[in-house]
Amino acid sequence: MSVKISDIMDSMEKYAPRHLAEEWDNVGLMIGEENKEVTRILVALDINDGVIDEAIEKKAELIITHHPFIFRGIKAVTDETALGRRIIRLIKNDIAVFSAHTNLDAAEGGTNSTLAKLLELENVEGIGEVTEENGAMGRIGNLSHRMTFGEFISKAKKVLGADSLSVCGDLNREVSRVGMCTGKGASVMQEAALMGADVFITGDFGYHEGQTAEDLGICVIDGTHYLTEVLVVPVIASYIAEKYRDIEVICSEVNGQTLKIV
């Protein structure tokens with residue numbers, strides 16, 4: 001039985017409903033025709049030139065990303081901009097693009113709940129006011145036993161696949177409750193602290209946010225935007241592969257991390 005892009009879109013809607021996306025966000029089919037049949041899908045966090053090369057080489061007809069390929073309004077598609085060149089390449093190679101962003105952050109099985117699961121947190125709940133309509137951008141849960149912040153950092157490094165992490169807080173402090181907001185989520189930190197979090201994990205954490213963390217008395221791990229979210233790529237791939245056994249779903253092998261510690 002043939003599978004169309006519209007079928008994949010319907011499945012992604014069940015996984016990460018559009019109504020969970022923030023109003024400012026752009027999610028859904030970015031490029032392509034809904035009625036086109038697909039036999040091979042590439043899943044990636046972002047689309048850059050390397051991911052497009054990979055999709056062409058592996059003959060993928062659809063790329064599913066977390067970050068929106070087209071985020072802000074564009075007035076022209078030409079080869080004078082990086083985005084324009086990428087759009088042209090994708091269309092010329094008949095490759096469609098679908099993105100699920102903040103709706104995937106909020107969804108069960110999305111970025112935040114995946115990180116909570118990998119950290120083996122218990123009694124996980126959403127941060128802030130959670131309703132069926134808006135979901136929750138962050139998660140908070142409990143460790144199975146207390147440990148020092150330093151010990152938890154080692155655990156986080158293993159889960160994220162990080163050699164080193166920027167942190168804020170006393171390494172000898174005992175912690176047991178962990179909050180998180182994957183990607184750039186420092187705005188959720190205060191709510192996490194109010195819900196009893198000893199530790200907060202996010203990305204793109206800055207100097208002034210560190211001062212706020214000290215004032216709140218909460219330890220922080222900057223897991224980087226990339227590492228806190230790329231972990232959802234194999235989860236999406238497994239979800240689609242289980243639903244459609246006749247198509248091939250591939251996880252991108254391109255390392256999109258833009259920040260390196262040297």
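Which of the residue pairs Lys36/Lys59; Lys157/Lys184; Lys59/Lys157 have a Cα-Cα distance greater than 26 Å in the structure shown?
Lys59/Lys157
Measure nothing but the geometry: give the 0 to 90° angle between the long axis through the Cα atoms of 82-92 and the longest principal axis through the Cα atoms of the chain, rounded to 10°.
That works out to roughly 40 degrees.
Over segment 31-89, what is the relative contact order in whole percent, taking alpha-carbon pairs under 8 Å and six or more residues apart?
Contact order relative to length: 31 percent.
Which value in nm describes the separation of the simple spin-label points at Lys243 and Val77, placed 7 Å from the Cα toward the beta carbon?
Once both label points are built, they end up 2.5 nm from each other.
Over the heavy atoms of Glu253, what accessible area does a 1.4 Å probe trace out, to the nearest 10 Å²?
150
Quick one: if you stick a label point 7 Å off each Cα along the C-beta vector at Cys251 and Asp53, how many nm between them?
Label-label distance for Cys251 and Asp53, simple model: 2.1 nm.
Describe numerically, in nm with one decimal, the distance between label points set 7 Å from Cα along Cα→Cβ at Lys260 and at Glu23.
It is 4.2 nm.
Determine the shape class of segment 1-102: with a ≥ b ≥ c the square roots of the Cα gyration tensor eigenvalues, call it rounded for a/c under 1.5, and otherwise prolate if a/b is greater than b/c, oblate otherwise.
It is oblate, given that a/c is not under 1.5 and a/b is not larger than b/c.
Given the -39500 (n - 2.57) contribution per DSSP H run of 4+ residues, what per-residue ellipticity at 222 nm results for the chain, rounded to the nearest 500 deg cm²/dmol?
One gets -9500 deg cm²/dmol as the mean residue ellipticity at 222 nm.
Going by alpha carbons, how many degrees (0 to 90, nearest 10) lie between the helix axis of 5-15 and the longest principal axis of the chain?
It works out to around 20 degrees.
Accessible area of the chain with a 1.4 Å probe: how many percent of it is carbon plus sulfur?
It is 48 percent, rounded to a whole number.
Candidates [x] 140; [y] 154; [z] 116; which is the computed volume of the Cα convex hull per residue in Å³?
Label [x] holds the value from this structure.
Using only alpha carbon positions, build the gyration tensor of segment 24-79, then give the equivalent ellipsoid semi-axes as the square roots of 5 times its eigenvalues, largest first, whole angstrom.
20, 14, 12
Considering the chain as a Gaussian network with a 10 Å cut-off on Cα pairs, which listed residue, Asp49, Asp79, Asp25, attains the greatest mean-square fluctuation?
Asp79
Given a 1.4 angstrom probe, what's the average accessible area per residue across segment 127-262, in square angstrom?
With all protein chains present, segment 127-262 gives 52 Å² per residue.
When every alpha-carbon pair in segment 135-262 is counted, what percent end up more than 21 Å apart?
Tail fraction, whole percent: 43.
Considering only DSSP beta bridges where both residues belong to segment 115-256, give the percentage that are antiparallel (nearest 5).
Beta bridges within segment 115-256, antiparallel portion: roughly 60 percent.
The values are calculated or read from the model by the stated rules, or taken from the named source; none is laboratory data. Model, not experiment: these values are computed from the prediction. Cβ: placed from backbone, ideal geometry, glycine included. Neighbour counts: every protein chain shown. Quick note on the areas: whole protein, heavy atoms, side chains included, nothing else; ligands and nucleic acids left out. Shrake-Rupley method; radii C 1.70, N 1.55, O 1.52, S 1.80 Å.
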